[in-house]
1. Quick one: count up the residues across segment 193-223 that are touching a helix residue (DSSP H, G or I) at 6+ places or on another chain (Cβ under 8 Å), more than 14 Å from residue 233 (Cβ to Cβ) and in contact (Cβ under 8 Å) with a residue 40 or more places away in the chain.
2. Residues in segment 122-162 that are touching a residue at least 60 places away in the same chain (Cβ under 8 Å) and farther than 13 Å from residue 173 by Cβ: how many?
3. So which residues in segment 148-172 are more than 16 Å from residue 133 (Cα to Cα) and modelled with pLDDT under 80, if there are any at all?
4. For segment 179-196, which positions are in a strand (DSSP E or B) and surrounded by fewer than 20 Cβ atoms within 10 Å (Cβ to Cβ)?
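The values are calculated or read from the model by the stated rules, or taken from the named source; none is laboratory data. Bear in mind that the values here come from a model prediction, so they are computed numbers and not experimental data. Neighbour counts are summed over all protein chains in view; Cβ atoms, including those assigned to glycine, are modelled from backbone coordinates with ideal geometry.
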């Protein structure tokens with residue numbers, strides 16, 4: 001999950017730097033007092049004052065840190081509840097359709113909502129099983145929003161996306177998804193992506209297969225233009241039943 005900056009982070013950083021500066025100045029006065037004995041009294045007095053000031057400044061740090069940790073935990077719980085509510089809402093929409101068709105005896109129409117329920121469950125299960133925690137969490141959270149763009153993600157060499165790389169990958173995929181979603185909304189079409197990510201020569205490389213009956217050259221041209229304007233290196237190609245883009249961050 002992407003962590004927002006704690007509300008007191010800037011104050012916490014400022015106090016930390018101030019305390020360190022005060023300690024450095026106190027150490028300088030201590031060395032000066034030892035090196036210049038005739039100025040020792042004044043130097044040692046200054047050392048004491050700066051040391052006390054640094055300790056006082058440092059005393060505020062735990063209070064700000066504790067407040068931030070509590071706020072971050074509350075944000076995590078709120079996000080989890082939001083995801084649960086979205087999942088229940090989407091499922092109930094499908095269930096209501098199935099119930100309506102059963103009551104009307106339109107059994108031939110049951111296949112579509114049932115297939116959508118199965119597809120959503122499979123897609124979200126695959127996303128949640130991606131390595132790490134932040135990547136899967138953020139992608140599932142987006143999927144639950146019921147967008148016109150749906151995607152699955154496959155990783156090559158999952159160990160390459162540990163730690164900070166996981167967040168970079170999530171940021172990159174969601175940036176791509178936002179651009180693709182905007183075009184879907186503009187053109188009024190539903191699209192599916194298969195996103196395959198890898199690390200090549202130390203850079204993030206993504207193979208993007210674009211699927212769907214509604215996908216047109218207009219959509220692909222608009223998506224390619226958006227990607228290039230956003231700093232991606234783009235190579236185009238075609239696969240069977242799919243458009244393919246090979247992407248790399250500059």
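1. Total meeting the criteria: 6.
2. Restricting attention to segment 122-162, the residues satisfying the condition of being touching a residue at least 60 places away in the same chain (Cβ under 8 Å) are 133-134, 137-138, 141, 144, 146.
Narrowing further to those that are farther than 13 Å from residue 173 by Cβ: 133, 144, 146.
Residues that pass the stated criteria total 3.
3. Matches in segment 148-172: 157 only.
4. So the first thing to find is which residues in segment 179-196 are in a strand (DSSP E or B), and the list is 191-196.
Result: 192, 194, 196.
Residues checked against (1) closer than 20 Å to residue 122 by Cβ; (2) out of contact with any helix residue (DSSP H, G or I) (no Cβ under 6 Å at 6 or more places or on another chain):
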{"residue": "147", "(1), (2)": "yes, no"}
{"residue": "156", "(1), (2)": "no, yes"}
{"residue": "164", "(1), (2)": "no, yes"}
{"residue": "169", "(1), (2)": "no, no"}
{"residue": "177", "(1), (2)": "yes, yes"}
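So that you can scan it fast, the table gives a plain yes or no per residue for (1) part of a strand (DSSP E or B); (2) surrounded by 17 or more Cβ atoms within 10 Å (Cβ to Cβ); (3) touching a strand residue (DSSP E or B) at 6+ places or on another chain (Cβ under 6 Å):
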{"position": "207", "(1), (2), (3)": "yes, yes, yes"}
{"position": "224", "(1), (2), (3)": "no, yes, yes"}
{"position": "228", "(1), (2), (3)": "no, no, yes"}
{"position": "237", "(1), (2), (3)": "yes, no, yes"}
{"position": "243", "(1), (2), (3)": "yes, yes, yes"}
{"position": "247", "(1), (2), (3)": "yes, yes, yes"}
